[in-house]
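Written out below as structure tokens is the structure these notes cover.
The values are calculated or read from the model by the stated rules, or taken from the named source; none is laboratory data. The structure presented is a predicted model; accordingly, all values stated were derived computationally and were not measured. Heads up, the Cβs are rebuilt from the backbone with ideal geometry, glycines too, and the neighbour counts pull from every protein chain shown. Accessible surface is based on the protein model in full, side chains and every heavy atom, while ligands, DNA and RNA are left aside. Shrake-Rupley method; radii C 1.70, N 1.55, O 1.52, S 1.80 Å.
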Amino acid sequence: DRDWSSDVCSSDLDQFGGALALGRSFDKVDIELQYSYVSPDTLGGGTLDFTNVFLNLHRVFYRDARVSPFLKLGLGWVDPHYSSASPLFGDHVSNLTLAYGAGVLATLARNESRGTALALRGEIYGLISSTTEPPYADHLNDTIAGIGLQYHWGAPVAAPAPAAPPPVGDSDGDGVNDNLDKCPGTPVGTAVDAN
């Protein structure tokens, strides 16, 4: 929640919002680009529309388990805009912002042959802005709790290749493999045909 010094701006900013992220998974780390939006009401009238873009790094533990906890660290841009009904319309306090927290991924379904998985993602994290700016002379501090779905797709797990059959030998050395040789034990140097 924002702790602004101006009464015209202070409000109960608890509000539902939405987020969409696209990322890449590695062995122990996920990297994602996340866009989110929330629009709480202000006491001064109108709304305060937050548009956020973050680059997040997740350190994932026990990735192959059904439940995988993770730590979150992100850096992004928070851009609040007041609606025209607000006395502060036109003011901007956009800031570079740090995100930090933790969460958990609970696998709901997995298809190894297709390389896909669906997980329930829950997380809680804090935001703190990098600088202070007028007219508020304070930092943006916020706490966000999120729940959503995370879909993973990637290279399917290939089925193991069948083992190569053992090579067929020629035990009597007549030039005909044992599986075709109708005269095993032919003396060396004897003329033979294909059988």
- Item | Output for the range 2-16, where each listed residue is at pLDDT 50 or above and either exposed (fewer than 14 other Cβ atoms within 10 Å of the Cβ) or polar (S, T, N, Q) (or both) | ASP12, ASP14, GLN15, PHE16
- Message: Considering only the range 122-132, I want to know if a residue exists there that is modelled with pLDDT of 75 or more, open to solvent by 80 Å² or more (accessible area, probe 1.4 Å) and farther than 22 Å from ASP27 by Cβ.
- Response: yes
- Message: Yes or no: the range 73-95 includes at least one residue that is open to solvent by less than 50 Å² (accessible area, probe 1.4 Å), at pLDDT 85 or above, among the small types (Gly, Ala, Ser) and over 20 Å from ASP142 (Cα atoms).
- Response: no
- Could you list, in sequence order, the residues of the range 16-48 that are touching a Pro at 6+ places or on another chain (Cβ under 7 Å) and assigned to a strand (DSSP E or B)? THR47, LEU48
- Residue in the range 140-157 that is more than 30 Å from ARG66 (Cβ to Cβ) and either assigned to a loop (DSSP other than H, G, I, E, B) or modelled with pLDDT under 75 (or both) present: yes
- Can you tell me which residue in the range 31-42 is least open to solvent (accessible area, probe 1.4 Å), limited to those that are modelled with pLDDT of 95 or more and over 13 Å from TYR151 (Cβ atoms)? GLN34
